[in-house]
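The structure under discussion appears below in the form of structure tokens.
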Amino acid sequence: MSALTQQPDFQIPRLPVRRFTIAEYHQMIDTGILGEDDKVELLDGWIVPKMTRKPPHDALLGIIDDAIRDLLPKTWKVRVQSAITTADSEPEPDLAVVRGPMSRYFSCYPHPSDVGLVVEVADSSLEKDRQEKGLIYAAAGIACYWIVNIAEQMVEVYSDPAPTEFRLRMDFSTGQALPLSLDGQELGTILVRDLFAGLSS
């Protein structure tokens, strides 16, 4: 059964609009049309606003960052809230595990072949992360996608990407250990209860 099958709904205006290419998006950044204060990202050719963040989001992101870094070999690196580039999108996941060394990204962002895992911490952004971003990551062929679901205190793990969906979803709750795997090799596990301990106290 498909894990993610719906098409993205970006609430496209009724008036004529157009999508932008990666090159056009970069040109807008290079010329100053879009600046650091513009909280946007390119999703499926559309320039869309990024969700605002709350303290639980940022705290969980830090906890997940620490937990993943503790398990990584030196050949893999963590990027936090930094862009990755796909064929028609430039999302900025909360966290991405990418192939090192970091110096390879001086002139470009990581591409899907560089990415072993993307993570989104979801509160108000849950449906956007499940549908819009999930389908973009699946279409790009990213091997594994985690959604850290704050409301339900669980981690949704999507894998087996296809052009229109992730074909597999597994949910890990607070009583379970979440495996971290890269290139088909399990590197260790993270106790889900440890991620959400601050929310439960």
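The values are calculated or read from the model by the stated rules, or taken from the named source; none is laboratory data. Being a predicted model, the structure only gives us computed values, none of them experimental. Methodologically, a virtual Cβ is constructed for each residue, glycine included, from the backbone with ideal geometry; neighbour enumeration extends over all protein chains shown.
Pairs under 6 Å by beta carbon, first residue without any contact (Cβ under 8 Å) to a residue 60 or more places away in the chain and closer than 17 Å to Asp129 by Cα in the stretch 46-64, partner surrounded by 14 or more Cβ atoms within 10 Å (Cβ to Cβ) and of a type outside the set (A, V, I, L, M, F, W, C), six or more apart or different chains?
The qualifying pairs are Lys50/Glu41.
Identify all residues within the stretch 162-196 that are part of a loop (DSSP other than H, G, I, E, B) and touching a residue at least 12 places away in the same chain (Cβ under 8 Å); write none if there are none.
Pro163, Thr164, Ser173, Thr174, Gly175, Gln176, Asp183, Phe196
So Glu132 ticks every box in (1) at pLDDT below 95; (2) in contact with a Phe, Trp or Tyr (Cβ under 6 Å, 6 or more places away or on another chain); (3) of a type outside the set (A, V, I, L, M) but one. Which box is left unticked?
In the conditions (1) at pLDDT below 95; (2) in contact with a Phe, Trp or Tyr (Cβ under 6 Å, 6 or more places away or on another chain); (3) of a type outside the set (A, V, I, L, M), Glu132 misses (2) alone.
Given the criteria assigned to a strand (DSSP E or B), closer than 16 Å to Val121 by Cβ and touching a helix residue (DSSP H, G or I) at 6+ places or on another chain (Cβ under 9 Å), does Leu199 qualify?
In short, no.
For residues in the stretch 163-179 being under 21 Å from Glu92 (Cα atoms) and either loosely packed, with under 15 Cβ neighbours inside 10 Å or not acidic (Asp, Glu) (or both), which is modelled with the highest pLDDT?
Phe166
Filter the stretch 95-123 down to residues that are touching a residue at least 60 places away in the same chain (Cβ under 8 Å) and not small (Gly, Ala, Ser), then give me how many there are.
4
Could you identify the single residue in Asp123, Asp88, Asp114 that is closer than 17 Å to Glu165 by Cα and in contact with a Lys or Arg (Cβ under 8 Å, 6 or more places away or on another chain)?
Criteria check complete, one pass: Asp88.
Looking at (1) over 22 Å from Leu43 (Cβ atoms); (2) within 12 Å of the chain's Cα centre (by Cα); (3) among the β-branched types (Val, Ile, Thr), find the lone condition where Ile68 falls short.
(2)
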